[in-house]
Amino acid sequence: MSPLARWRAGVLFAMSAGALLLLALAQRAQSGYERTLAARDATAAAAYLTIVTPVARRGAGYDLPQLLIRARALEELPGFSGRFEIYHATAPLIRATAPPLGAAALQQLRREVAVRWTGEAALAPLLDRDGWDVVGAVAARADAGTWPVSTWSLGALLLLLVAGTQSLGAIGRPRHAWRQSIGPYGVVAALFGVAVFADVRGAAADATDRWLYDTRLLMQEAAARVPEIRSAPAGLATLARGAEIVPGDSGPSTAWRRAAGGAVRAAVAVRLAPGRWVELRARPGEGEAGTAVWLPVLLGLAALGPLGALLAAWSTATAPRQRRETVAAWGFLAPSALHLAAFSFAPLLLVVYVSLHRWSPIEPTRAFVALANYGRVFRDPLVWSALGRTLVYALYVPASMTLALGLAVIIGRRGSGAATSALRAFFLLPYASSVVAIALVWQWMYHPDFGLLNQLLTRAGLGPVNWLGDPKTALAAVMLVSVWIHLGYQLTVFLAGLRAIPQTYLDAARVDGANAWQRFRRVTFPLLAPVTVFVLVTGIIGGFQVLALVMVLTGGGPLGATDLIAYHIYRIAWERQQFGDASALALLLFAVLFGATWAQLKLLDRRVEYG
Amino acid sequence: MGNRAGRRGTLGRWVSYALALPLALLMIAPFLYMAAVALMSERDSLRPPVPEHFAAALAALPVGRFLLNSAIFSLAVVAGQVLTSATAAYAFARLRFPGRDRLFLAYLCTLMAPGVLLVIPRFLLIDVLGWVDTYQGVISTELVSVTGIFLLRQFFRTIPRDLEDAARLEGAGEWTIFWRVIVPPSRPALATLAVLAFADQWRSFLWPLVATRSSAMRPIEVGIANLGGTYAVSWSYQVASARAAVIPLMVLYFVAQKYFIRGVEETI
Amino acid sequence: MASVTLRRLAKRYDPHGRPALEEVSLEVSDGEFFVLLGPSGCGKTTLLRCIAGLEEPSAGEVLLDGRDVTRLEPAARDVAMVFQTYALYPHLTVRRNIAFGLEVRRVPAAEITRRVQQAAERLGLGTLLDRRPGELSGGERQRVALGRALVREPQVFLLDEPLSHLEPTLRSELRAELLELHRALRTTVVYVTHDQVEAMAMGQRIAVLERGRLRQVGTPAELYGRPEDVFVARFIGNPGMNLLKGRGRSTGDEGGVVDCGTWSVPVPLERYEGEIYLGVRPEHVSLVAPDQGVGAADVRGVEPLGPDTIVRLDANGQALVARLHGIPDLRPGDRVGVKLDRRQLHLFDAAGARMR
Ligand SMILES: Nc1ncnc2c1ncn2[C@@H]1O[C@H](COP(=O)(O)OP(=O)(O)OP(=O)(O)O)[C@@H](O)[C@H]1O
Ligand SMILES: [Mg+2]
């Protein structure tokens, strides 16, 4: 077998496996919904019988003739889709000729009191009136399920076959040839996946509708037979597992969809008595709402064929060395690429999703609110003041930068290397240590009564200042700490920048008669410009991300005087538990910082070449 | 002439030290203060120090546990980052494959996402995985460092390509080339990355704060920051434990100072 | 031992740019010392890397001993290469550097020791084995790189300008050593250089490459005595061949003349009219009294070398160089007559190709 034929066989296998698995899965999903429906119908019918059947005069059991009548009446309900057999103990009631229930199965029901499956039928326990004992069972047959796909999916499948054959033929041909056929194949495959997903979703919706419809029938029937129920519909709760009964208005007999509590839910109106209506509403996540997880699975399966074809086409069209190198490269990249996909890119998508929803970890429902979160944070004056405050705070960057530059020029050129690096070691110390510890120490340094700063001030007769407690001084105090932290870093960067400037330039300037200031102004500073821009921009970007320092030092206080934007976002998310708002605001911040970084890259595009 | 210039140089040197030295002292003053304060009682920070306070702080708070957690987090993250960064950097620096530059750009883009942005979805993610308040929850998100990849890529690119071709000619595969030709001369760069990653992880605050709940899981940074709320101990206790948090970093800094400085210089 | 055959080999780095190699076909026979010669950037290294398998040719085939290895991995070709930059692993000692290829191929340790020892003795590296490349001089590094190739006992040696970084005296010393080594081993060697003196001195055959094209392949004597085109004529020899531009015209009965300004040089030329290059090596130019020879020229410069003297002349506005014995009494500005050795004239057509 030639390599090309091997590739084609492999791709053919991937294609058919993808399509067949997809269909099998869809079939499975659909019969799953049918089975759920059957189980629910059986449970509801059992509950219905418990409610409507009178108790025998003696003993706890039901009045058997009455049970027989009620059971047979179930068959007559108009439009009822359940197909039942009802057993009293092991004896069938509806069709007397049907085989009796196995004793073992009944025993099992007694022990577990839960829906069981026997072959094609769901078996729900029939409890006595008090719910003490299992006196029988209701068996409901699941629909075998129809042909798993709709005509739409069938059409897509046909297209898929055509496109797949095309792609198969294109493997081994030049690049532009296979590009032209695999692209459409991918599109068709995606289409097919979506169409099958629509089928699955449709099946789920249909099962939900029928369940609601059947439950409605049973509820109305129960209300007709047991008048007390009409005024206390809560008694029907056992009938409507998986749904809730809420006060409602008149409505059609078929289920409809409505947005309630943040999610679209299926509901149906139930008429208990003339003028007395309730609404039966599927719980959130019931029915087709829970089908969303199928979409990625189905699309993933659908992608199997196109991806295989792509791989094969690429492999056969690529020189072996390049192929080997590419494979090796992806091997080396796999750990980081997978990690970034899972913990950086997926979160970035997720955060966009979250920002479009009302999302709180303490609320169960997540309503889609479009851009409302963005609008809210945009209109929030606190956000704007936090932003403004952060801008003011970021002024510490130019301040400390000036200091660092001055220091670098002073100690950089002169002095022995050892002395310079010893000094630098001192300056870099805060940068290498922990922010929380620094915040704690400075808290103590700033203490109004015992702090070092105030002790010195008091001795100088300048009176104590409540540095962190006074809204007027708190931000300045935080900025001072930031200068202290970052001075060493900036100094180190500037020293490195200075070292990269050839001494000959300065010597030339000296020969030309420039004094120290002129040399700095005309030679050093222009040559340092890229470094300066870098320090400035990264410093300001860092300023917009400061969180731990204010959190520990001031907690954003006093009176929000040090509530910087990153900390503000943190508080929206983790104190107010508004993930949606926080995500929106954080994304806005991200956009701004992204722009700033981009601008910086553009600015630094033309780096200085010392030639 | 020469003598005069020399004297002027010496004078300038003394002047510059006279300017820089007090500033340098200011820089370390808070650390000295921290050392002193931890030994004092709250009311009398000017009276003679009381050594028992340090011991009392250690006894009252699970500082040992915090330190252990920090050590576990930091070492695991260092191991992960060095490994993933080295392999990825090799691919980006040395191997040719379609889409390489675009992929690298995509890697770099993740650098621009602010921490406070990523914390929310990452928390949701580890929540789904059931990893909140576990070691794997704190560690897993940090195992790749794009900065590290960038740093090592820069370094790998300085290694002559002929070296690699020579090995290839002698029959070495990509992995052998990576492991035996690229990695050994890159040890300084790997050490720089390891030191920076360790320090960064040791003092990382936001993510461990969000991803852990119990004090048994908290690293020292988060542990001491929360003390005021949870334990209501005095500041001198806090400062004492802050000192416990800083000491390992200081030791690392003094032992591996050149790597810190190299790390800073590499960022330009 | 193996022959190396290249068939219409082409290499393009940039799909839209100029190709680095164009249709190179070559045959290096078994045990030959073959030199690839060309100016910087002509594609010598590229050619070598294609033979080694480090570059994939865009077209054409590489055959080793008649076997097509074009798609084979470098490791599977059993060739060794000494790189222009030596490419010694900086973190390994000389011993480990030499042993690296054997270690990668999982040769038994005892065998490795034996072979490293052998190579070290042969190259005089015995005392350097435990040093690192950073602690070696240029010549020593070159030897280590050679040792690393040697120890593999490959079928073909590829040497990429191995001597170009060395000082002249060391270079000629090592040149001799290399030839000695080749005589001892009898392995096929493809040797790249941009230095024509080195090429002439070492190569059994030489291929001249220019801008990715093969200009001529032949023995040193062939290249010198019968250059196939203007480029080779100029490139080989120091100084290179004089090329005088003129118009050829035939005078009937197997004769003709080339008119260069006021000169008319009789040449063996049949039925040709048009532009022509007249080539003559400097040693075939002699100077006579101004009214003799083919014409007169002005002396522009005199460079005495000892045994010879290079005299630079201006002949009707065209530069002409003569190599004379001894040190003649000439000064810039002198007017002299020029004589050309008729049996040693080369004719090239307007496109630069040799005529006849
Ligand atoms: N990896 C590469 N990518 C793109 N172009 C290349 C590459 N390697 C070489 N080239 C180009 O191919 C041409 C031939 O290069 P090559 O290195 O083979 O020249 P060379 O003859 O070895 O020169 P030198 O004597 O300077 O070593 C040059 O124009 C060079 O710019
Ligand atoms: Mg070269």
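The values are calculated or read from the model by the stated rules, or taken from the named source; none is laboratory data. If you're wondering where the values come from, they're calculated on a predicted model, not measured in any experiment. Backbone-built Cβ (ideal geometry, glycine too); neighbour counts: all protein chains shown.
If we scan the range B:128-135, do we find a residue that is at pLDDT 90 or above and at the interface with chain A (Cβ under 7 Å from one of its Cβ atoms)? No; the residues of the range B:128-135 include none that is at pLDDT 90 or above and at the interface with chain A (Cβ under 7 Å from one of its Cβ atoms).
Among B:ALA172, B:ALA166, B:ALA189, which is at pLDDT below 90, of a type in the set (A, V, I, L, M) and at negative phi? Lay out the reasoning, then the answer.
Values: B:ALA166 fails: at pLDDT below 90; B:ALA189 fails: at pLDDT below 90.
Only one candidate qualifies: B:ALA172.
Would you check which residues across the range A:270-302 are within 16 Å of A:TRP211 (Cα to Cα) and either of a type in the set (Asp, Glu) or in contact (Cβ under 8 Å) with a residue 40 or more places away in the chain (or both) and list them? Full working, then the answer.
So the first thing to find is which residues in the range A:270-302 are within 16 Å of A:TRP211 (Cα to Cα), and the list is A:270, A:279-290.
Listed by number, the residues that qualify are A:VAL270, A:GLU279, A:LEU280, A:ALA282, A:ARG283, A:PRO284, A:GLU286, A:GLY287, A:GLU288, A:GLY290.
Are any of the residues in the range C:218-230 within 14 Å of another protein chain (Cβ to nearest Cβ) and either more than 16 Å from ligand 2 (Cβ to nearest atom) or within 15 Å of the chain's Cα centre (by Cα) (or both)? Outline the logic, then answer.
So in the range C:218-230, the residues within 14 Å of another protein chain (Cβ to nearest Cβ) come out as none.
So far as the range C:218-230 goes, no, none of its residues is within 14 Å of another protein chain (Cβ to nearest Cβ) and either more than 16 Å from ligand 2 (Cβ to nearest atom) or within 15 Å of the chain's Cα centre (by Cα) (or both).
Within the range A:317-335, one or more residues are crowded, with 17+ Cβ neighbours inside 10 Å and in contact (Cβ under 8 Å) with a residue 12 or more places away in the chain. Here C:ASN97 clears all of (1) of a type in the set (S, T, N, Q); (2) within 16 Å of ligand 2 (Cβ to nearest atom); (3) more than 29 Å from A:ARG323 (Cα to Cα) except the condition numbered (2).
In the range A:82-97, the residues that are touching a residue at least 60 places away in the same chain (Cβ under 8 Å) and in a loop (DSSP other than H, G, I, E, B) reach residues that are buried (at least 19 other Cβ atoms within 10 Å of the Cβ) and not acidic (Asp, Glu) with C-beta atoms within less than 6 angstrom, at least six apart or across chains, in these pairs: A:GLY82/A:ALA140. Do we have any residue at all in the range C:76-85 that's surrounded by 19 or more Cβ atoms within 10 Å (Cβ to Cβ), of a type in the set (Val, Ile, Thr) and within 15 Å of ligand 1 (Cβ to nearest atom)? Looking for residues that are surrounded by 19 or more Cβ atoms within 10 Å (Cβ to Cβ), of a type in the set (Val, Ile, Thr) and within 15 Å of ligand 1 (Cβ to nearest atom), one finds at least one in the range C:76-85, hence yes.
Based on this model, can you work out whether C:SER3 counts as in contact with a Gly (Cβ under 9 Å, 6 or more places away or on another chain), within 22 Å of C:GLY66 (Cβ to Cβ) and either near ligand 1 (Cβ under 7 Å from one of its atoms) or among the small types (Gly, Ala, Ser) (or both)? For C:SER3, the condition - in contact with a Gly (Cβ under 9 Å, 6 or more places away or on another chain), within 22 Å of C:GLY66 (Cβ to Cβ) and either near ligand 1 (Cβ under 7 Å from one of its atoms) or among the small types (Gly, Ala, Ser) (or both) - is met. Taken over the range C:46-75, the criterion of being within 16 Å of ligand 2 (Cβ to nearest atom), assigned to a loop (DSSP other than H, G, I, E, B) and either within 8 Å of another protein chain (Cβ to nearest Cβ) or of a type in the set (Lys, Arg) (or both) is satisfied by C:LEU54 alone. Of all the residues in the range C:29-40, those that are surrounded by fewer than 23 Cβ atoms within 10 Å (Cβ to Cβ), within 12 Å of ligand 1 (Cβ to nearest atom) and not hydroxyl-bearing (Ser, Thr, Tyr) number 1.
Set side by side, the residues C:GLY17, C:GLY60, C:GLY43 differ, and just one is within 15 Å of ligand 1 (Cβ to nearest atom), more than 30 Å from B:VAL183 (Cα to Cα) and under 24 Å from the mean Cα position of the chain (by Cα), which is C:GLY43. Exactly one residue out of C:VAL94, C:VAL151 is more than 27 Å from the chain's Cα centre (by Cα), more than 16 Å from ligand 1 (Cβ to nearest atom), β-branched (Val, Ile, Thr) and buried (at least 23 other Cβ atoms within 10 Å of the Cβ): that is C:VAL94. Could you say whether any residue in the range C:18-40 is away from ligand 2 (no atom under 16 Å from the Cβ) and within 14 Å of chain B (Cβ to nearest Cβ)? Among the residues of the range C:18-40, not one is away from ligand 2 (no atom under 16 Å from the Cβ) and within 14 Å of chain B (Cβ to nearest Cβ), which makes the answer no.
Just to verify a result, which residue in the range B:75-96, among those that are surrounded by fewer than 19 Cβ atoms within 10 Å (Cβ to Cβ) and without any contact (Cβ under 8 Å) to a residue 60 or more places away in the chain, is farthest from the other protein chains (Cβ to nearest Cβ)? The residue in question is B:ALA79. Among residues that are within 14 Å of chain B (Cβ to nearest Cβ), away from ligand 2 (no atom under 16 Å from the Cβ) and in contact with a helix residue (DSSP H, G or I) (Cβ under 7 Å, 6 or more places away or on another chain), C:ARG132 is not included.
One line per residue, one yes/no per condition, for (1) closer than 16 Å to A:VAL134 by Cβ; (2) modelled with pLDDT under 85:
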{"residue": "A:ALA42", "(1), (2)": "yes, no"}
{"residue": "A:ASP63", "(1), (2)": "no, yes"}
{"residue": "A:LEU77", "(1), (2)": "no, yes"}
{"residue": "A:LEU93", "(1), (2)": "yes, yes"}
{"residue": "A:THR97", "(1), (2)": "no, yes"}
{"residue": "A:LEU101", "(1), (2)": "yes, yes"}
{"residue": "A:TRP117", "(1), (2)": "no, yes"}
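Restricting to the range A:351-369, and then to whatever is crowded, with 17+ Cβ neighbours inside 10 Å and not small (Gly, Ala, Ser), can you tell me which residue is nearest to B:THR141 (Cα to Cα)? If we take residues in the range A:351-369 being crowded, with 17+ Cβ neighbours inside 10 Å and not small (Gly, Ala, Ser), then A:VAL351 is nearest to B:THR141 (Cα to Cα). C:GLU173 falls short on exactly one of the conditions (1) outside any loop (DSSP other than H, G, I, E, B); (2) surrounded by 18 or more Cβ atoms within 10 Å (Cβ to Cβ), and that condition is (2).
Within the option set B:ALA113, B:ALA89, B:ALA106, B:ALA93, being in the same structural domain as B:LEU151 (by TED's automatic domain parsing) and assigned to a loop (DSSP other than H, G, I, E, B) holds for one residue only, B:ALA113. If I filter the range A:443-465 down to residues being buried (at least 18 other Cβ atoms within 10 Å of the Cβ) and either touching a Cys at 6+ places or on another chain (Cβ under 8 Å) or of a type in the set (S, T, N, Q) (or both), which single residue comes out as farthest from the other protein chains (Cβ to nearest Cβ)? Applying the filter and picking the extreme gives A:ASN454.
All of C:LEU209, C:LEU146, C:LEU158, C:LEU214 fail the test of being within 14 Å of chain B (Cβ to nearest Cβ), of a type in the set (A, V, I, L, M) and within 16 Å of ligand 1 (Cβ to nearest atom), apart from C:LEU158. Please list, ordered by first then second residue, the pairs with beta carbon atoms under 8 Å, 6 or more apart or interchain, first in the range C:160-186 and among the acidic types (Asp, Glu), second away from ligand 1 (no atom under 16 Å from the Cβ) and assigned to a loop (DSSP other than H, G, I, E, B). If the second residue must be away from ligand 1 (no atom under 16 Å from the Cβ) and assigned to a loop (DSSP other than H, G, I, E, B), no pairs are left.
Filter the range A:478-494 down to the residues that are aliphatic (A, V, I, L, M) and surrounded by fewer than 23 Cβ atoms within 10 Å (Cβ to Cβ), then identify the one that is farthest from the other protein chains (Cβ to nearest Cβ).
A:MET479
Looking across the range C:161-195, the residues that are small (Gly, Ala, Ser), away from ligand 1 (no atom under 16 Å from the Cβ) and under 19 Å from C:ILE206 (Cα atoms) come down to C:SER172, C:ALA176.
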